[in-house]
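The structure appears below as structure tokens.
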Amino acid sequence: GIQVEQSPPDLILQEGANSTLRCNFSDSVNNLQWFHQNPWGQLINLFYIPSGTKQNGRLSATTVATERYSLLYISSSQTTDSGVYFCAVERAGGGADGLTFGKGTHLIIQP
Amino acid sequence: DTGVSQNPRHKITKRGQNVTFRCDPISEHNRLYWYRQTLGQGPEFLTYFQNEAQLEKSRLLSDRFSAERPKGSFSTLEIQRTEQGDSAMYLCASSSLAGATYEQYFGPGTRLTVT
């Protein structure tokens, strides 16, 4: 199956700092999503971005499908940004395999 | 649009008992997915429905697991003869064929603890 690698696994930053999270994947995809998982386990949709660039407030994401990676940018971090960020992909032409998730990046924003 | 809902939110059961979880997808979403997430890991795909048809099952879905979506609306996931290794968060997601995207939306999950 498709492989998804996220880096870094852990990231500790001060409030106000910027961060870049990376997601590498091993095959062509028709779906790539970034999620933030809150402390109660809810997966919150951040971006649906199988290719291109999107921005939503302090967050932006870029996927370079030809090179099989995606980046999530968080600017001016706030303590509420803390949590686990997951990248998940669905292989193109693979039928219904569901999303394959990376292991996540655990982000801690300190005041 | 009320989002994906799951019930119960928490379930504690003794080893060997059967449990059933329910998922109500976003209305008009014809695709429904079940995932399992253990501590410190990302969610793992279990199975997928398009309308009432179960189209894909992961090898993670052992014979003790069964899922149904009888009328193409809500879905149930049953685990028979639960084992301690079944303790996990069970997540449901839905998506729509009607749009130009494959974006999935997740429910809050059911956290299962097997004692």
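Could you tell me the distance between the Cα centroids of region A:66-103 and region B:1-42, to the nearest Å? Here the two parts' Cα centres lie 21 Å apart. The value of relative contact order for chain A, using C-alpha pairs under 8 Å at least six residues apart, is 37 percent. Between B:T2 and B:S73, the simple label model (points 7 Å from Cα in the Cβ direction) yields a spacing of 1.1 nm. Inter-label distance, B:E83 to A:R58: 4.4 nm, where each label sits 7 Å from its Cα along the C-beta direction.
The Cα atoms of region B:32-97 define a convex hull whose projected area, averaged across directions, is 4.6 nm². If you take the Cα centroid of region A:1-15 and the Cα centroid of region B:52-115, the two points sit 26 Å apart. Sequentially through region B:81-92, phi angles give Karplus couplings (6.51, -1.76, 1.60; θ = phi - 60°) of 6, 4, 10, 4, x, 7, 4, 5, 9, 9, 10, 10 Hz, Gly and Pro residues having no value and appearing as x. If R0 equals 25 Å, the separation of the Cβ atoms of A:E15 and A:Y73 corresponds to a calculated FRET efficiency of about 0.90. Normalised size of the protein assembly as shown, defined as Cα radius of gyration per 2.2 N^0.38 Å with N residues, equals 1.02.
Coupling constants for region A:32-41 follow from the phi torsions by the Karplus curve (6.51 cos²θ - 1.76 cosθ + 1.60, θ = phi - 60°), and in residue order they are 9, 10, 10, 10, 10, 9, 7, x, 8, x Hz; glycine and proline get x.
Taking B:D86, B:D63, B:D24 as the candidate residues, the one with maximal mean-square fluctuation in a Gaussian network model of chain B, Cα springs under 10 Å, is B:D63.
In units of the rule-of-thumb radius 2.2 N^0.38 Å, chain A shows an alpha carbon radius of gyration of 1.03. Database remark: amide H of A:K103 closer than 5 angstrom to the amide H of A:Q6 (H placed geometrically; neighbours at sequence offset of 5 or more, or on other chains; Pro and chain starts carry no H).
Since every read-out is calculated from the coordinates, none of them should be taken as a lab result. Predicted model, so just to flag it, every value in this text is computed and none were measured. So basically every Cβ, Gly included, is an ideal-geometry build from the backbone, and we count neighbours across all protein chains shown.
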